[in-house]
Structures are given as structure tokens and as C-alpha cells.
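> Below is one structure. I have some questions about it.
No value in this document is a laboratory result; all are computed from the given coordinates. The structure presented is a predicted model; accordingly, all values stated were derived computationally and were not measured. Note that we place each Cβ from the backbone using ideal geometry, even for glycine, and neighbour counts take in every protein chain shown.
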């Protein structure tokens, strides 16, 4: 969800919603596997959304309670999308989101990935309030 400015409320366009829907319908095997682990509040009782629009981007997975974005990257991200991914991460982090990135192949050990996500959420929740 986008932060709301006092001057106006930001509304999603139908195009943004449709793009997110299409990404959910065409999920990769790795995304389906991670979604199985994250859905139904299986991680620390927190709700995750998949293919969540945030500003000009669509996050693979998003937990609003922790402001945590989880991205899964395939081999195409190693070369052609590396700079795009870096810019995207910087944009999200500048707005207070924590971004975790994993390679699709990391999901061979989904317990490890879920453990990293849990550890990160616990760290984020123990941060002093500003």
C-alpha cells in the first residue's frame, strides 16, 4: 500500500491492478512454492500479499505489518535486470521498506528462506520507534 499524502489519496489504476493480477496468474514455480510457505499467515501469524503494487513497482511478496518486500529473482536478473533491481530496491528502501532478495534456486531450501524472513521480521519489530 502506498503511503498517503495529506493532500490526496492515491488510488490504483485498473491497469496496475490488472498487471498484478496477471503476474499472480502466471507465477513461476519458485513463486508458487514460496507463496505456499507465506500464505494463510503461516509466518509469525502475519499476512503476506503476492504481486502487491507499491509505487511504480509490483513486489513479489509484501508484508505490510513489517513493511517487508520479498523478491524472487530468476537468472534473467543476474545480467539484464541488475541495475533495474538495484534502482527498485533503493526506491523502496528510501520509503522505509525492507527488501529481501533471493534467487529462485535458493528455494531448494525453503526452510532456510522462511527462516531468513522470520529473522528479518523479528529484527524489524524490535527496532526502536522513531
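> Ranking 85, 73 by Cβ neighbours within 10 Å, fewest first, what do you get?
85, 73
> For all pairs of alpha-carbon atoms in the stretch 14-124, what percent lies in each bin of width 5 Å, listed from the first bin to the last filled one?
All Cα pairs, binned at 5 Å, distribute as 2, 12, 23, 25, 24, 12, 3, 0 percent.
> Hey, fewest Cβ within 10 Å first, where do 80, 28 land in order?
Going from sparsest to densest Cβ surroundings: 80, 28.
> Based on the mean of other beta carbon atoms within 10 Å per residue, what is the order of 50-59, 88-97, most packed first?
Top to bottom by mean Cβ count within 10 Å: 50-59, 88-97.
> Please order 123, 14, 71 by the number of other Cβ within 10 Å, starting at the fewest.
Listing 123, 14, 71 from fewest to most nearby Cβ atoms yields 14, 123, 71.
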